[in-house]
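Asks: The structure under discussion is supplied below as structure tokens; questions concerning it will follow.
Please treat every number below as a calculation from the coordinates, not as lab data. The structure presented is a predicted model; accordingly, all values stated were derived computationally and were not measured. Here the Cβ positions follow ideal geometry from the backbone for every residue, glycine too, while neighbour counts run over all protein chains shown.
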Amino acid sequence: QVQLVESGGGLVQPGGSLRLSCASSRSIFSMTVMAWYRQAPGKQRELVASIIGGDSPNYLDSVKGRFTISGDNAKNMVYLQMNSLKAEDTAVYYCNLRNPFNTYWGQGTQVTVSS
């Protein structure tokens, strides 16, 4: 079993930045997908950013140019750098790792963008 723990969320003003971190209890090297999802109140969970295999990252259109997903195999960490944050980015953000056999989720971290 893989445990994922997100951190880095919080309250930030519009235009600000946050970096979310996801710590994995096991190596992420064998994971075929690294991703971040988010869920705003009353809305469905949506895919924000992902890296599939060794391909280039994919992003939700609304976050392109503002968010960057990355992984550190040596530290078993996945990150989401979020810049130029907007009120509509407010949500609970979830880390997601997948291999051909299992899907793993973190508990989520709240991001609130408000003045």
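Asks: If you scale each eigenvalue of the Cα gyration tensor by 5 and take the root, what three semi-axes come out for the chain, rounded to whole angstrom and sorted largest first?
Replies: Working: eigenvalues 106, 39, 33 Å².
For the chain, the ellipsoid semi-axes come out as 23, 14, 13 Å.
Asks: Now, a different point. Determine Rg/Rh for region 1-56; Rg is computed over alpha-carbon atoms and Rh is the Kirkwood hydrodynamic estimate from the same atoms.
Replies: Details: Rg = 13.5 Å, Rh = 13.5 Å.
Value, to two decimals: 1.00.
Asks: In addition: Out of region 23-76, which chymotrypsin sites (Phe, Trp or Tyr not before Pro) are coil in DSSP terms and have no more than 14 other C-beta atoms within 10 Å?
Replies: Values: sites: 29, 36, 37, 59, 67; in loops: 29.
Those satisfying the criteria are 29.
Asks: Explain nothing, just the number: dipole magnitude of region 21-86 about its Cα centre with +1 on each Lys and Arg Cβ and -1 on each Asp and Glu Cβ, in debye rounded to the nearest 20.
Replies: Values: 8 positive and 4 negative charges, 48 e Å.
Once rounded to the nearest 20, the dipole reads 240 debye.
Asks: Using only Cα positions of region 43-101, each an equal point scatterer, no hydration layer, compute I(q)/I(0) via Debye at q = 0.22, 0.26 Å⁻¹ and quote the log10 values to two decimals.
Replies: Computed log10 I(q)/I(0) values: -1.02, -1.33.
Asks: Note down the relative contact order for the chain as a percent, whole number, built from C-alpha pairs under 8 angstrom at least six residues apart.
Replies: On the way: 280 pairs, mean separation 42.9, N = 115.
Taking the mean separation of contacting Cα pairs over the length of the chain, I get 37 percent.
Asks: Identify the residues of region 60-79 with backbone N under 19 Å of a label point that sits 7 angstrom from the Cα of residue 101 along the Cα-to-Cβ direction, or state none.
Replies: In region 60-79, the label zone of residue 101 (backbone N under 19 Å from the point 7 Å along Cα→Cβ) covers no residue.
Asks: Can you list residues whose amide H is under 5 Å from residue 106's amide H, if they're 5+ apart or on another chain and H is modeled 1.01 Å from N?
Replies: Answer set, sorted by chain and number: 95.
Asks: Once amide H atoms are built 1.01 Å from N in the peptide plane, which residues 5 or more positions from residue 32, or in another chain, come under 5 Å H to H?
Replies: Under 5 Å from the amide H of residue 32 lie the amide H atoms of 98, 99, each far enough along the sequence or on another chain.
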